[in-house]
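> Before we start, here is the structure in question, set down as structure tokens.
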Amino acid sequence: MPNDVLNGIVLRVTDYRESDRILNVLSRERGLITVTARGSRKPKSKLAAFSTQFTFGEMEVNERAGKLQLSSAAVLESFYSIRESYEQLLSATRIVNAAEHIAARDIANDDLFVLLYHSLSVIAYGENDPKDTELAFFAKLMKLCGYAPSLTYCLKCGRDLRGEKEVRFSNSLGGSVCERCGSAFITVSTLTLEALRRMMLIDITELKRVRLPEAVRKELVPLLYDYTEYVFDFKLKR
Ligand SMILES: [Zn+2]
């Protein structure tokens, strides 16, 4: 079978056998794929540089008995500076974990690929807080997957909430609820919801400009993590 050339980001690396690695890769052309990088743990392996988490590159793969093997790979971007701080590493890890959970196997999702690529790039090289890029990633991911929360009206009584200072947020209803209808749900300021709404709408090239006030970030982290876990039914690393 002829080799297939794919562009991909390494989401997860697992050691296998004596010197191999198994790579879970989000490819632009085929969505989520699993590729074996044979011998990539040997010091002189030409596959070693590509076979690390977060790396973006061009791969040549071939299929044997239904399994993909990496035959060559060129690193186009290692995003090495993600490893410069624990905060950057944690944010990047959470977004690649989410991408892996959401991506469909063997089905291209260009929007997801582009969102992940830009987010990793801003976490690696941007001057804003990596947490803000991470939150913008999750906000845009919700929109991309059709789970954009409703943030302007009460989901129970329909009341316009824009004049309120604080409202409630319900994961199960998918957005904001007024104080009267939602006393069982978490309280959130409308300023935070406005930040969330804007992040869902910004162009991907604007990710590097996202700078949240500390109070907003503090409210948005648990809200967006809980909502993401609820919607996609998986656990984020906290
Ligand atoms: Zn209401």
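> Can you give the Rg to Rh ratio of the chain, both from alpha-carbon atoms, with Rh computed by the Kirkwood formula?
1.05
> OK, next. Please give me the summed charge of the neighbours of residue 124: other residues whose Cβ is under 15 Å from its Cβ, Lys and Arg +1, Asp and Glu -1.
-3
> Using modelled backbone amide H atoms (1.01 Å from N, in-plane), which distant-in-sequence or interchain residues come within less than 5 Å of residue 12's amide H?
24
> Then there's this: So what are the ³J(HN,Hα) numbers for region 225-237, from phi and the Karplus equation (6.51, -1.76, 1.60; θ = phi - 60°), rounded to whole Hz, Gly and Pro as x?
5, 4, 5, 4, 5, 5, 5, 9, 6, 8, 9, 7, 6
> Additional query: Counting only helical runs of four or more DSSP H residues, what would the 222 nm mean residue ellipticity of the chain come to if each run contributes -39,500 (n - 2.57) and the total is spread over all its residues?
Helix-only estimate at 222 nm: -11000 deg cm²/dmol.
> Still on this structure: Applying the Karplus parametrisation 6.51 cos²θ - 1.76 cosθ + 1.60 with θ = phi - 60° to the phi angles of region 67-73, what ³J(HN,Hα) value in whole Hz is obtained for each residue in order, glycine and proline being reported as x?
Ordered by residue, 3J(HN,Hα) equals 10, 8, 10, 7, 9, 7, 8 Hz.
> Out of all DSSP beta bridges with both ends in the chain, state the antiparallel percent to the nearest 5.
In the chain, approximately 90 percent of DSSP beta bridges are antiparallel ones.
> Search the structure for amide H atoms under 5 Å from the amide H of residue 73, placed 1.01 Å from N in the peptide plane, and list their residues when 5 or more places away or on another chain.
60
> Let me cross-check residue 143: its accessible surface, 1.4 Å probe, with only protein heavy atoms counted, in Å² to the nearest 10?
100 Å²
> Would you kindly give the portion of the calculated P(r) for region 118-202 that falls above 21 Å, as a percent of all Cα pairs? Walk me through the numbers on the way to the answer.
Working: 1223 of 3570 pairs.
More than 21 Å apart: 34 percent of the Cα pairs in region 118-202.
> Here is a follow-up. Per residue, how much accessible area does region 84-232 show when a 1.4 Å probe rolls over the protein heavy atoms, in square angstrom?
Averaged over the residues of region 84-232, the accessible area is 47 Å².
> Let me ask another. Given points 7 Å out from each Cα along the Cα-Cβ axis, report the residue 171 to residue 63 separation in nanometres with one decimal.
Placing both labels 7 Å along Cα→Cβ, they lie 3.8 nm apart.
> Turning to a different aspect of this structure: Give the peptides 102-110, 6-14 in descending order of average Cβ contacts within 10 Å, highest first. Can you show the working numbers first?
Details: 102-110: 14.1, 6-14: 19.8.
By packing density, highest mean first, the sequence is 6-14, 102-110.
> Continuing with this model, one more query. Once you list every other residue whose beta carbon is under 13 Å from the beta carbon of residue 25, what net charge do they have if Lys and Arg are +1 and Asp and Glu are -1?
The answer is -1.
> For the chain, with the dipole built from +1 on Lys and Arg beta-carbon atoms and -1 on Asp and Glu ones, taken about the Cα centre, which of 97, 178, 153 lies farthest toward the positive end?
It is 97.
> With an 8 Å cut-off on Cα pairs and a minimum separation of 6 or more residues, tell me the relative contact order of region 1-137 in percent. Write down the numbers at each step before the final one.
On the way: 284 pairs, mean separation 33.1, N = 137.
Once normalised by length, the contact order is 24 percent.
> Work out the FRET efficiency for residue 84 and residue 18 from their Cβ-Cβ distance, taking R0 = 45 Å, and round it to the nearest 0.05.
About 0.90, to the nearest 0.05.
> Please give the FRET efficiency for residue 232 paired with residue 107, using the beta carbon to beta carbon distance and R0 = 22 Å, rounded to the nearest 0.05. Could you put the intermediate results ahead of the total?
Details: r = 17 Å, r/R0 = 0.75.
Once rounded, the FRET efficiency stands at 0.85.
> Carbon-plus-sulfur fraction of the accessible area of the chain, 1.4 Å probe, in percent?
Within the chain, the accessible surface is 49 percent carbon and sulfur.
> Moving on to the next point. Taking θ as phi - 60°, what are the ³J(HN,Hα) couplings along region 200-212 by the Karplus curve (6.51, -1.76, 1.60), each to the nearest whole Hz, with x for Gly and Pro?
5, 9, 4, 6, 4, 6, 9, 3, 5, 9, 6, 9, 8
> I've got another one for you. Measuring from the lowest to the highest alpha carbon on each principal axis, how far does region 4-77 reach, largest first, in angstroms?
Between the extreme Cα coordinates on each principal axis of region 4-77 lie 30, 30, 18 Å.
> Pull up all non-local amide H partners of residue 108: gap of 5 or more, or a different chain, and H-to-H distance under 5 Å with H placed in the peptide plane.
HN-HN under 5 Å from residue 108: 31.
> Here is a further query. Note the full-extension length gain between residue 189 and residue 34 as 0.36 nm times their separation in residues minus their Cα-Cα distance, in nm to one decimal. Before the final figure, lay out each step's value.
Details: separation 155, 0.36 × 155 = 55.80 nm, distance 4.21 nm.
The span from residue 189 to residue 34 would gain 51.6 nm if fully extended.
> I would also like to ask the following. Where does the charge balance sit around residue 168 when Lys and Arg score +1, Asp and Glu -1, over other residues with C-beta under 11 Å from its C-beta?
-1
The values are calculated or read from the model by the stated rules, or taken from the named source; none is laboratory data. Everything quoted here is computed from the prediction, not taken from an experiment. As a convention, Cβ positions derive from the backbone with ideal geometry for all residues, glycine included, and neighbour counts pool all protein chains shown. For the accessible areas, the whole protein counts, side chains as well, though only heavy atoms, and no ligand, DNA or RNA atoms are used. Shrake-Rupley method; radii C 1.70, N 1.55, O 1.52, S 1.80 Å.
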